[in-house]
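No lab work stands behind these numbers, since they all come straight from the coordinates. In this text the structure is predicted, and so the values were computed from the model without any measurement. Neighbour counts run over all protein chains shown; Cβ positions are idealised from the backbone, glycine included.
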Amino acid sequence: MTATTIAQVLNNFNPRMPLSGQNLRLWFVPRASSPRRRLEIQLRQQRQPLKILLVGHRGSGKTTELNKLAGEMTEHFETVGFDVLNITGRSTLGYEDLMLSLSTQVTRYAIEKGLIGRPLSDPLQEGWQRLSDWWRQVVAGLEIGRRSGEVETFASLNTLLGEIEIGVTQSAFTRDQINQQLDRQMPELVRHLNWVIDEANRHLHPRRLLLIVEGLDKVDLAAARSVFRDHAPTITSLNAAMIYTFPLALRYSEDYLTVLRHFHQDYYLHNLALRHADGSDDAEGVQTLRQIVRQRLRESLIAADALEQIVFASGGIPLDLVKLVSGAALYALERDEAAEAIVLSDAQNAIKDLRRELAANLSMAEWQLLRQRHTDRRLSNETAIQQLLYKGALIEYSNDIQWCDVHPALWGLLEHFTES
């Protein structure tokens, strides 16, 4: 529903809520540079379980594009999607955390959606009992999931797996114990998970499972590098089509080609550029950003100059755009609870907040590097550049050659931190 009051703007511009369901249908704005259509064609046409990377800045709109993809693929795929950070609650996760999340999420989804046949035939009953017995073995001796009797039913296993997810999120000790078990028994975990996937695919035929794993583009870079570089054979070993979101910073690392050898394809979601590398305006990018805002609110709720400031300060990052509109709405209500529009001063206050957020963890050496990149706009693969991309202080653009610039919200601080 389009916002008609400033208070409603806060609901329509929630940076923690990617577009889904009715909001996705009402507010989705197509992007000319999106790889979604090519991704859909490849998944639909190739019967093998493809393993795909979707690369992009944090906040570039990958979740929205993936939600749109899942909605467009219902005739061919049953999508199981989750954010591994929401499941584990940890930004320094290991490959064991990822595989545990995949196992619990896929198995619970198959149970809840009835994708494992009922009533159980003899072969299926045998496989189901092996699966149940294995999970009991993994958590044996732990407080979590203790049972006095056998795990015999779909419901009881579903409950057990839910308790495991809660346990590893709330207790580092429980997480470490289970991860140690999983590391030793990873081939067994993969085998049992593939049994669940195969049963689900048999039940769905001719449709198939599609697993979408998000969050790995947001974890600590060292953790993401370890998962994708050192454990790629394991995380790509499942009998289902899979899409992983991948951190843009690692696209500029020497490990990227090593990672790609284990995946069928990588797709890149470009940022929405406000200008070209030569400094001239990119009208298409600017118009798309304006449309993202106007799609969600009545136009009279934001002054034209406030909207332009917000669009410019977002740097073409949709998440930052949403965050700025939300912040400006709060400032408007603070200024006047009966405010009828976001004005320029509200936008400027929200931009100051974003500037403080981005600047908080930058070192003097990083400020010097940012000043250089703002001058020459050259993109390279040094570790320091990767870190600035990860922090969001540096933004990559691909509307011409691949180039970069400092996040516009930080421009006003460049002179202050780099003056001699």
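Data for the structure
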{"item": "Length-normalised contact order for the chain - Cα pairs under 8 Å, 6+ apart - percent", "result": "24"}
{"item": "Three semi-axes of the equivalent ellipsoid, region 267-309, Cα gyration tensor, whole Å, largest first", "result": "23, 14, 6"}
{"item": "For region 34-268, diffusion coefficient by Stokes-Einstein and Kirkwood Rh (Cα), 4 °C, 1.567 mPa s, µm²/s", "result": "71"}
{"item": "Sorted peptide list for 108-114, 361-367, criterion being average Cβ within 10 angstrom, highest first", "result": "108-114, 361-367"}
{"item": "Cα-centred dipole magnitude for region 217-376, charges only on beta-carbon of K, R (+1) and D, E (-1), debye, nearest 20", "result": "340"}
{"item": "Convex hull projection area averaged over all views, region 177-293, Cα basis, nm²", "result": "11.3"}
{"item": "Förster-model FRET efficiency, 30 Å R0, Met364 and Leu257, C-beta, rounded to 0.05", "result": "0.35"}
{"item": "Peptide ranges 374-385, 335-346 listed from the most packed, as the mean C-beta count within 10 angstrom indicates", "result": "335-346, 374-385"}
{"item": "Using alpha-carbon coordinates, inclination of helix 62-72 to the longest axis of the chain, degrees", "result": "60"}
{"item": "Check: the chain dipole with +1 on Lys, Arg Cβ and -1 on Asp, Glu Cβ, in debye", "result": "780"}
{"item": "FRET efficiency for Gln46 and Arg371, using Cβ-Cβ distance with R0 set to 51 Å, rounded to 0.05", "result": "0.65"}
{"item": "Nearest 10 degrees, 0 to 90: helix 154-170 Cα axis against the chain principal axis", "result": "50"}
{"item": "Residue of Arg296, Arg44, Arg130 that the Gaussian network model of the chain assigns the largest fluctuation, springs spanning Cα pairs under 10 Å", "result": "Arg130"}
{"item": "Positive-end extreme of charge dipole, the chain - chosen from Ala338, Ile197, Asn14 (charges on Cβ)", "result": "Ile197"}
{"item": "Dipole of the chain, positive direction: furthest Cα of Phe173, Gln291, Gly279, with charges on the beta-carbon", "result": "Gln291"}
{"item": "On Cα atoms only, tilt of 122-138 relative to the major axis of the chain in degrees", "result": "60"}
